[in-house]
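This report refers to the structure that appears directly beneath it.
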Amino acid sequence: MTATQSGPLKGSVRVPGDKSISHRALILGSLAVGETVIDGLLEGDDVLSTAAVLRALGATIERDKAGGWHVHGFGVGGFGEPAQVLDHGNSGTGVRLMMGAAATTPITATFTGDTSLCRRPMRRVIEPLEMFGAEIHAREGGRLPLTLKGARMAIPVTFRLPVASAQVKSAVLLAGLNAPGRTTVLEAQATRDHTERMLQHFGATVSREAADGGLTAIHVEGQPELRPQNVRVPADPSSAAFPLVAALLVPGSNIRLDGVMLNPTRAGLIDVLRRMGANIAVENRRNESGEDIADLVVQTSALKGVEVEPEIAPSMIDEYPILAVAAAFAQGRTMMRGLAELRVKESDRLAAVAEGLKKCGAKFEIGEDWLAVDGAGPLAGGATVATNMDHRIAMSFLIAGLASKAPIKVDDTRFVATSFPTFVPLMKQLGAQFRIDNR
Ligand code: S3P
């Protein structure tokens, strides 16, 4: 697909439901006895593979004609042994959270995924899950496919996160659900807290307190009876980031993004863009299902380069590819540090962004865990960018193409459907020009 210079973007849209919350709503609904109803679930491939895995473990999950999702769960510890291999496709969140949820239930299950997921590190979850008593046999280097034998007599665990990862934190908390007593995760940097919030929403006891060495301790009390809930999934800020940056870059734009989640552990990009000079108004702040949401009104803005501190990386970890694009169109240097985790996402995102920027004519410097982009107004474009099975690389460079001097082509858009299946029609509705290339 190729993106070409577009007229002003105008209009009001709501991006699909948050991916992190969608996975968690399906998982916790499956661990509660009775019917959980989810509105606004992200119907992207990643979330649909989590639903398929939960069905294979015994849950009943159905979509009604109005788009509501009905989950009939089997209670904490109620998973049945799956007959087939559990395939999580492209989704690191799906597989890591489900490994956690299965680790303290006495079943044996084999997990796999696509070639991107089979390259990603799983030792970060294998190690804490083995502490609960699970047995896990992975491929060389702690990679998928792997077979997990859940603990028959699980023991609760205290675990310090080796990396700032909400997926690892969540895997441990979900495993702790079926261990008697208190499981504790210690984290040095705040990561997204949707698992904690939603566990509380479903009736589990979760608490947090300051611990030694500047750490935060997050506790979950094991073996609760989870009660089914209604969940309304807010619009995903990581998806909203694409039309938002597009409106900042395409001259004369003015758009409204409805109901975007502004949980502080996810809202880093908005703060950084505002420091760069972005005109983003936050309107109608409200609370839905325990999450802060608001409408965002975005107008084209002249951006300038800024320093992005490593401390805020977890609150915008998925937004660096699109921030790097915004930085290339800004005036001056944007320095982004603390990016080591970008190397182990759906692709090596730091390398993929750098490669794409280079092809499009941007100036930058790159290190092992940092990127400095020297912005100089509209990109030259006129290039084909490799997506490497990574949805956010594909969307970031399609957005860049809307404001570049010459069109930008991305070689593969299939993976956009993992997180933002309506990306193309929604952007076209705002005025974006995309064309499908002849093979
Ligand atoms: C997610 C956590 C993040 C993020 C991913 C979703 C989650 O990964 O990149 O897209 O839902 O917990 P890490 O926690 O591994 O950084």
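All other residues with a Cβ under 13 Å from the Cβ of P106 taken together, and with Lys, Arg as +1 and Asp, Glu as -1, what is their net charge?
Values: positive: K149, R152; negative: E81, E135.
Charge balance in the 13 Å sphere: 0.
Counting other C-beta atoms within 10 Å, and keeping those with at most 12, which DSSP coil GluC sites (Glu not before Pro) do you find in the stretch 340-422?
Taking the stretch 340-422 and a limit of 12 other Cβ atoms within 10 Å, the loop GluC sites (Glu not before Pro) found are E368.
If eta is 0.692 mPa s and T is 37 °C, what Stokes-Einstein diffusion coefficient results for the chain, Kirkwood Rh from Cα pairs, in µm²/s? Numbers along the way, then the final one.
Working: Rh = 22.0 Å.
Rounded, D is 150 µm²/s.
Compute the whole-percent fraction of alpha carbon pairs in the stretch 1-141 spaced more than 25 Å apart.
Values: 3296 of 9870 pairs.
Every Cα pair in the stretch 1-141 considered, those over 25 Å come to 33 percent.
How many angstrom lie between the C-alpha centres of the stretch 219-293 and the stretch 20-38?
Their Cα centres are 21 Å away from one another.
Take the residue pairs K19/K304; K405/K428; K19/K149; K363/K405 and return only those whose Cα atoms are more than 22 Å apart. Could you put the intermediate results ahead of the total?
Numbers: K19/K304 30 Å; K405/K428 19 Å; K19/K149 27 Å; K363/K405 16 Å.
Too far apart for the 22 Å limit: K19/K304; K19/K149.
Rounded to the nearest 5, what is the percent of antiparallel bridges among the DSSP beta bridges in the chain? Intermediate values should be presented prior to the final figure.
Working: 60 of 80 bridges.
So the antiparallel bridges amount to about 75 percent of the total.
Give the Rg (one decimal place) followed by the Dmax (whole number) of the stretch 19-232, computed from C-alpha coordinates and expressed in Å.
Cα radius of gyration and Dmax of the stretch 19-232 are 15.7, 52 Å respectively.
Put +1 on the Cβ of each Lys and Arg and -1 on the Cβ of each Asp and Glu in the chain; which of L350, A103, P145 then has its Cα farthest toward the positive end of the dipole?
Checked the options; the winner is L350.
Taking K and R as +1 and D and E as -1, what net charge do the other residues with C-beta under 12 Å from the C-beta of I312 add up to? Don't skip to the answer; put the middle values down first.
On the way: positive: R266, R275, R337; negative: D271, E307, E309, E311, E319.
Summing Lys and Arg as +1 and Asp and Glu as -1 gives -2.
Mind giving me the FRET efficiency for R414 and A351? R0 is 25 Å, r the Cβ-Cβ distance, nearest 0.05 is fine. Write out the running numbers ahead of the final one.
Values: r = 20 Å, r/R0 = 0.82.
Given R0 = 25 Å and the Cβ-Cβ separation, E is 0.75.
When the Cα atoms of the stretch 279-372 are enclosed in a convex hull and the volume is divided per residue, what value in Å³ results? Each step should come with its number before you reach the end.
Values: hull volume 11.2 nm³, N = 94.
Spelled out: Cα convex hull of the stretch 279-372, divided by residues, is 120 Å³.
Where does the charge balance sit around P321 when Lys and Arg score +1, Asp and Glu -1, over other residues with C-beta under 12 Å from its C-beta?
Working: positive: K345, R349, R392; negative: D318, E319, E346, D348, E355, D390.
That sum, taken over residues with Cβ under 12 Å, equals -3.
Treat the count of other C-beta atoms within 10 Å as a stand-in for reagent exposure and order V185, V416, V37 from fewest to most. Write out the running numbers ahead of the final one.
Details: V185 27, V416 24, V37 16.
Listing V185, V416, V37 from fewest to most nearby Cβ atoms yields V37, V416, V185.
Provide the per-residue ³J(HN,Hα) series for the stretch 79-88, in order, calculated from phi with Karplus coefficients 6.51, -1.76, 1.60 and θ = phi - 60°, each as a whole number of Hz, with x at glycine and proline positions.
Each residue's phi maps through the Karplus curve to give 4, x, 5, x, 7, 10, 5, 8, 10, 9 Hz.
Within straight cross-link reach of K169, meaning Cα distance under 13 Å, which aspartates and glutamates are found once same-chain residues fewer than 8 apart are removed?
Reachable aspartates and glutamates: E127, E187, D193, E196.
Just so you know, all these numbers are worked out from the coordinates, no wet-lab data involved. Please read all numbers here as calculations on a predicted model, not as lab measurements. Positions of Cβ are generated from backbone atoms using ideal geometry, with glycine treated the same way; all protein chains shown enter the neighbour counts.
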